[in-house]
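**Q** Let me begin by handing over the structure; questions about it come next.
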Amino acid sequence: MNIKSGFRLRAFFLTAIFAGIVIFSFSASSKADEQILLDMIKDQAGEIEMLKKQVLQLQENQSASENKISENMNSIAMMPKKDAELFPEGLTESLDIGVGATFIVQGASKGNRTAERKDEHPWDATLSVDIGIEKTFDEWGMVFASLEYDNGGGLDGNGRMQLFSDVNGDVNGAGSTVEVSEVWYEHYFFDKRFILTAGKIDPCAYVDDNAYANDETTQFLNCAFINSTAFNNGARVDSGPGVRIAWEPVDWCDFNLVGGTTGGTWDNIGNNLTGMAQVAFKPNWIQNSEGGYREGNYRFYGWYAHACDDFPIWDTSGQINRDYNYGFGVSFDHELVDAIGVFGRFGWADPEVSIVEYSWGSGFHLNGKYWGRKNDMIGAGIGQNIPGNKWAETDNNGGDKEEGVFEIYYSFHVNEYLSISPDFQIIWNPYGAGSKTEGPSDNTGRDETVYVYGLRGQLDF
């Protein structure tokens, strides 16, 4: 063997040895990695087994909870009736809440409170907001509360005009006020044939009401067409503590008895009590196109107001007072044909202590369906406030003539939330001053006819 062949042989052996070392090393490394992987798999399998046990435990707990809830529900369902009545059905349901805002702007051709006011052309704006909250309990009762905010005194409340019936019946003339105007509970008996109401109530909601002339936010603004002036002024009607009992023995007749306090006072109520009684007949006189009868209501009422030594006796020039006043009235409304109805009122109060002895008003209501606007309304009314002779003979800065009132309005329905109503009023012989040719010097010029123009916006939601 030569040197060259020996070198090749040694190189072959060295290469073989190196390849063996590499192969051996790779084989050893693979076995180590495989062992590590096997160990990791074992660890993960243990954790998975633990998770399975936890899931099974949670499922067992959930099943036990469901069984417990089911047992509780069955226990409640099997409660005796006397215990179940502690939780009236529907008690937690939402309340019915309504908000109404009334914006009124009015101007007058003149003021009439004094001779100096006759050349004025006053303008005033008012705002009232009513928030009503109602909760009905199935067929057996209801709770109602109303919060009212007034801002602005109006033409009557700012010392510019003096009338028997105010031209803006939406505000109380006291400026900016906030009060709970009503809050009462009402309970029903005998399928609502008998109703008992108690709390702070508004008597005019139950006596001297009218379908076409009883709401200053959507109908007439002048107080002469909201309630009888003789009744409203004579009985000093205002919301206050009271009780109302209603009974409807038959569909065509109902009775209302209202007891409250004179002027709505909460003080010394034992000496300031007012009682009212009304019977209403609902005759089926006029048949409609659907085979039924058009709605009609004819109401007759009387009232008695007691206020301790607080009613001036006019034939003594108001120097001596009396404890009581009383009167009666009539109010009716009837739909004649589709969308046309008429209304009327009459009231009398004892002239011994009342400024207005008689008052009457009448008018009509017309729905806009005839000109393609079924949600629009037109109302027009005319009436008089007639002062008592004994008051007219006193030194009262008034007069002995009948104060006449005319009003017409158009309610334009903008959408389901908003309506706009232009309004126009004429008052002649304001405050009875028309025939007063002699008397207080500041009465001069107050007998001129007053024209009142206004615009009302009503927002309900």
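Here is a yes/no grid of residues against (1) surrounded by fewer than 16 Cβ atoms within 10 Å (Cβ to Cβ); (2) under 15 Å from VAL207 (Cβ atoms):
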| site | (1), (2) |
| --- | --- |
| PHE225 | no, no |
| VAL237 | no, yes |
| GLN287 | yes, no |
| ARG294 | no, no |
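**Q** Now for a different question. Against the condition touching a His at 6+ places or on another chain (Cβ under 8 Å) and either of a type in the set (Lys, Arg) or without any contact (Cβ under 8 Å) to a residue 40 or more places away in the chain (or both), how does ILE320 come out, does it pass? Walk me through it before giving the result.
**A** Working: touching a His at 6+ places or on another chain (Cβ under 8 Å): no; either of a type in the set (Lys, Arg) or without any contact (Cβ under 8 Å) to a residue 40 or more places away in the chain (or both): yes.
Against the criterion (touching a His at 6+ places or on another chain (Cβ under 8 Å) and either of a type in the set (Lys, Arg) or without any contact (Cβ under 8 Å) to a residue 40 or more places away in the chain (or both)), ILE320 does not qualify.
**Q** Among the numbered criteria (1) farther than 24 Å from ILE104 by Cα; (2) free of Cβ contacts under 8 Å to residues at least 60 places away in the same chain, which single criterion is violated by GLY368?
**A** The failed condition is (1).
**Q** I'm checking my understanding of the structure. Among residues of the range 146-187 that are assigned to a strand (DSSP E or B) and buried (at least 18 other Cβ atoms within 10 Å of the Cβ), which one is farthest from the chain's Cα centre (by Cα)?
**A** Within the range 146-187, the match that is farthest from the chain's Cα centre (by Cα) is GLU186.
**Q** If you don't mind, another one. Among the numbered criteria (1) surrounded by fewer than 19 Cβ atoms within 10 Å (Cβ to Cβ); (2) among the acidic types (Asp, Glu); (3) free of Cβ contacts under 8 Å to residues at least 40 places away in the same chain; (4) over 18 Å from VAL237 (Cα atoms), which single criterion is violated by ASP254?
**A** (1)
**Q** When you go through ASN297, ASN268, ASN284, ASN288 one by one, which is the residue that is of a type outside the set (Val, Ile, Thr) and under 26 Å from the mean Cα position of the chain (by Cα)? Break it down stepwise before answering.
**A** Details: ASN268 fails: under 26 Å from the mean Cα position of the chain (by Cα); ASN284 fails: under 26 Å from the mean Cα position of the chain (by Cα); ASN288 fails: under 26 Å from the mean Cα position of the chain (by Cα).
The match here is ASN297.
Taken together, the values in this text are just the output of simple stated rules run on the coordinates, not laboratory data. Remember, predicted model here, so these are calculated numbers, not experimental data. Glycine gets a Cβ as well: all are built from the backbone with ideal geometry, and neighbour counts include every protein chain shown.
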